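The values are calculated or read from the model by the stated rules, or taken from the named source; none is laboratory data. Just so it is clear, the model here is predicted, and its values are computed rather than measured. Don't worry about glycine lacking a Cβ; one is built from the backbone with ideal geometry, like all the others, and counts go over all protein chains shown. Remember, those area values only see protein heavy atoms, side chains included, never the ligands or the DNA or RNA. Shrake-Rupley method; radii C 1.70, N 1.55, O 1.52, S 1.80 Å.
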Amino acid sequence: MNYQPDKRGFYGKFGGAFIPELLYPNVEFLRKNYLKIITSASFQQEFKSLLRDYAGRPTPLYFATRLSEKYHTQIFLKREDLNHTGAHKINNTIGQILLAQRMGKKRIIAETGAGQHGVATATVSALMGLQCVVYMGEVDMERQAPNVARMKMLGAEVRPARSGSRTLKDATNEAIRDWINHPEDTYYLIGSVVGPHPYPDMVARFQSVISEEMKIQLKEKTGRDEPDKIIACVGGGSNAAGAFYHYLENKKVELIAVEAYGKGVDSGQTAATTKIGSEGVIHGSKTLLMQNEEGQITEPYSLSAGLDYPGIGPLHAHLFKSGRGRFLGATDEEALQAAFEITRLEGIIPALESAHALAVLPKIKLKSNEVVVINISGRGDKDLQAYTKYLEEVEKKHLNIGR
Amino acid sequence: MSRIESLFRKKKNILNIYFTAGFPKPDDTVLIANELEKAGVDMIEIGMPFSDPLADGPVIQHSSSIALQNGMGLDLIFSQIKTIRKTTQLPIILMGYVNQLMRYGEDAFFDKAAACGVDGLIIPDLPVEIYLEKYQQKVEKAGLDMIFLITPQTDEARIKLLDESSRGFLYVVSSASTTGKTAAMQHQEAYFERIRQMKLKNPLLIGFGISDKKSFDTACQYASGAIIGSAFIKALEKGPEIRKNIQQFVKAIRD
């Protein structure tokens with residue numbers, strides 16, 4: 001089985017570039033040139049030095065003693081939350097801004113859900129002195145207000161997406177429309193492994209630094225360069241793609257992707273794409289998505305803005321269909337519990353997105369000699385409002401959490 | 001000869017009006033089509049409302065979302081087109097997004113569309129390469145014309161490919177934009193002239209940003225006619241009587 005896209009961007013039957021003709025010249029230029037540019041020595045040198053000196057990589061691989069004791073296994077946390085700007089998103093934005101710069105683009109646009117990609121894009125735009133416009137669903141602007149403030153401080157313009165569910169899907173629509181209207185000077189800096197080819201592959205490659213470091217760090221700490229399991233959350237799926245990347249062909253490593261079940265798979269308020277979705281085209285890519293009988297894309301739901309998306313990237317659709325990936329999920333409630341658990345056991349406040357990955361620990365069989373890596377994709381500062389509200393509710397009920 | 005082909009043979013300054021099926025009310029699809037014919041429009045383009053219309057600006061996003069709230073679905077649209085076809089010989093173009101076709105089943109979609117009297121299809125997010133590989137034979141066998149778009153950024157080799165792959169006419173997008181933006185037409189005239197000089201296989205219709213008599217007339221200098229969408233959708237709700245709104249709108253373009 002091959003997990004790299006073919007020349008036209010298909011992973012098996014998923015992927016491709018289903019885009020209006022207006023976007024063709026831009027996307028075609030990227031398709032023809034991205035590999036040449038991003039694998040060149042000068043690009044790689046600049047990319048790696050910014051990852052090290054600016055983003056703060058390598059991020060630690062931390063052995064979580066108390067969490068491991070609780071689950072009777074060996075759990076390592078890949079600390080993407082310790083990156084500059086607080087999540088794995090910066091890996092990709094550094095890569096793409098260097099590409100945009102080499103293409104001579106003057107204006108950067110991006111979509112954002114939780115705001116982490118928006119902040120990471122605003123950050124690198126400030127670094128390079130480029131104009132930056134970030135589209136964000138109106139609902140997300142409210143629930144991730146701290147990130148809106150950060151983007152504004154960084155000099156970005158945050159434009160609310162007011163259509164549909166007013167979340168990530170709608171922000172992505174608006175960003176694509178902006179790109180259609182400004183094909184010459186604008187670079188669209190996509191934040192996940194979604195969108196038309198070559199974006200899914202390009203973003204996966206920029207995020208692959210996560211598993212590249214993981215191999216070296218595991219070798220040092222365990223003597224083996226591979227874990228038994230890797231667990232990561234999936235909205236579009238960029239942190240999972242990065243954490244899985246160097247193990248895609250290594251069948252000994254179980255790849256566990258965790259979707260947001262929201263209020264439950266059958267509740268009608270969920271983002272469980274592989275459970276209730278079907279094949280179709282969203283944001284320029286053939287993949288699995290949530291839709292009705294008429295092919296209308298349905299509104300997703302998750303408390304976590306970063307996972308509140310009705311599709312998954314084409315690589316993940318391929319991993320799901322081929323059986324290479326194991327797809328699990330966590331509800332809002334389970335993710336909140338998991339966030340408190342790791343906070344109280346390890347002193348790490350994770351992003352609500354990352355908490356979904358942690359939340360499957362009680363649901364899977366773990367052996368004591370197994371090595372499990374969980375990708376902590378981001379930190380939880382932006383989610384304090386949701387966490388505080390949950391804590392108040394729990395305290396009202398006199399329940400004990402996180403122990 | 002197809003209805004589209006024979007129209008281009010016998011007429012100049014062709015006016016093609018786009019509207020969204022089921023907007024403002026579910027039954028308006030048939031009413032609007034009939035009124036457009038009465039008003040002297042040459043061709044109609046019916047939009048299948050889609051939840052995420054990426055190539056469309058705010059006006060058509062709005063009409064699409066209202067139509068979906070009105071419960072519009074493909075089978076209803078097909079039956080409305082069947083009704084329209086009973087009384088008219090105007091060419092009918094159906095416009096929608098690739099996900100709608102995939103979900104309906106591409107083969108079933110092409111057969112059904114043809115059987116109801118649709119003449120041509122515009123699917124803006126269907127790449128021409130995939131069309132040629134997977135769908136061209138089926139579409140042509142069903143007797144439908146697939147219409148592709150070219151833009152100011154499309155290079156010459158690709159314009160030729162899109163022209164070769166199109167039947168009926170070639171859709172010339174006036175400027176880099178989603179639908180419904182009115183740009184100054186005079187800036188596009190060099191581009192229109194360049195396309196005209198290419199002596200392409202298909203007749204040309206210019207669309208995007210055509211909103212009034214002036215922009216329509218400019219388009220007609222360089223092409224066989226033009227397509228108006230967003231400006232017409234806006235006009236539909238201008239006054240209390242939809243029939244009057246339609247007649248006035250078309251009259252203002254044609255006079």
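Numbers at a glance
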| item | result |
| --- | --- |
| Exceeding the 19 Å Cα-Cα cut-off - candidates B:K12/B:K213; B:K86/B:K141; B:K11/B:K112 | B:K86/B:K141; B:K11/B:K112 |
| List of the stretch B:147-164 residues, accessible area with partners at least 30 Å² below that of the chain alone (1.4 Å probe) | B:T151, B:Q153, B:R158 |
| Sequence of A:T343, A:T167 from largest to smallest accessible area, 1.4 Å probe | A:T343, A:T167 |
| Computed log₁₀ I(q)/I(0) - Debye formula, equal Cα scatterers, no solvent, the stretch B:121-178, q 0.18, 0.27 Å⁻¹ | -0.59, -1.21 |
| Peptide B:121-128, shielding by other chains (average Cβ, 10 Å cutoff) | 4 |
| Projected label distance in nm at B:E106 and A:S368, using a 7 Å step from Cα toward the beta-carbon | 5.6 nm |
| Proximal lysines relative to A:K382, as straight alpha-carbon distance under 16 Å, when same-chain residues fewer than 8 apart are discounted | A:K89, A:K152 |
| Along each principal axis, Cα extent of the stretch A:49-156, largest first, Å | 52, 36, 18 |
| Length-normalised contact order of chain A in % [C-alpha pairs under 8 Å, at least 6 apart] | 20 percent |
| Helix-derived mean residue ellipticity, 222 nm - over the protein assembly as shown, DSSP H n ≥ 4, -39500 (n - 2.57), to 500 | -13000 deg cm²/dmol |
| Rounded to 5, the percent of DSSP beta bridges in the protein assembly as shown classed as antiparallel | 20 percent |
| Where Rh is the Kirkwood radius over Cα pairs, Rg/Rh for the protein assembly as shown | 1.01 |
| Gaussian network model of chain A, springs between alpha carbon atoms under 10 Å - residue of A:E213, A:E353, A:E259 with greatest fluctuation | A:E213 |
| Per principal axis, descending, Cα span of the stretch B:3-254 in whole Å | 43, 41, 34 |
| Segment B:A252-B:K25, length gained on full extension (0.36 nm per residue, minus Cα span) | 79.3 nm |
| 16 Å Cα-Cα reach of B:K214 towards aspartates and glutamates, excluding residues that sit fewer than 8 places from it in its own chain | B:E189, B:D255 |
| Among the listed pairs A:K169/B:K234; B:K10/B:K82; A:K105/A:K251, those beyond 32 Å (Cα-Cα) | A:K105/A:K251 |
| Relative contact order %, the stretch B:3-254, counting alpha carbon pairs below 8 Å whose residues are six or more apart | 22 percent |
| The protein assembly as shown - charge dipole about Cα centre, Lys and Arg +1 at Cβ, Asp and Glu -1, debye rounded to 20 | 700 debye |
| Net length gained if the chain between A:A149 and A:N181 were fully extended (0.36 nm per residue, minus Cα distance) | 8.8 nm |
| Lysines with Cα under 18 Å of A:K363, excluding same-chain neighbours fewer than 8 positions away | A:K70, A:K229, A:K263, A:K275 |
| Reduced Cα scattering model of the stretch B:177-246, Debye log10 I(q)/I(0), q = 0.29 Å⁻¹ | -1.30 |
| Relative contact order, percent, the stretch A:211-359 [alpha-carbon distance under 8 Å, six or more residues apart] | 23 percent |
| Protection-proxy order for peptides A:263-272, A:170-179, each taking the mean of Cβ atoms within 10 Å per residue, highest first | A:170-179, A:263-272 |
| Average beta carbon contacts from partner chains per residue of A:173-184, 10 Å cutoff | 4 |
| Protection proxy ranking of A:191-204, B:27-40, B:51-64 - average other beta-carbon atoms within 10 Å, highest first | A:191-204, B:51-64, B:27-40 |
| Highest average packing first - A:28-39, B:216-227, Cβ atoms within 10 Å | B:216-227, A:28-39 |
| Kyte-Doolittle mean at least 0.0, axial Cα span of 30 Å or more - DSSP H helices of chain B | none |
| Loss of accessible area when A meets B, both sides summed, Å² nearest 100, probe 1.4 Å | 2900 Å² |
| Rg and Dmax [Cα atoms of the stretch B:20-95; Å; Rg one decimal, Dmax integer] | 12.0, 33 |
| ³J(HN,Hα) computed for each position of the stretch A:135-143 - Karplus, 6.51 cos²θ - 1.76 cosθ + 1.60, integer Hz, glycine/proline x | 8, 9, x, 4, 4, 5, 4, 6, 7 |
| Distant-in-sequence amide H partners of B:G225 (H built 1.01 Å from N, under 5 Å) | B:I14, B:I206 |
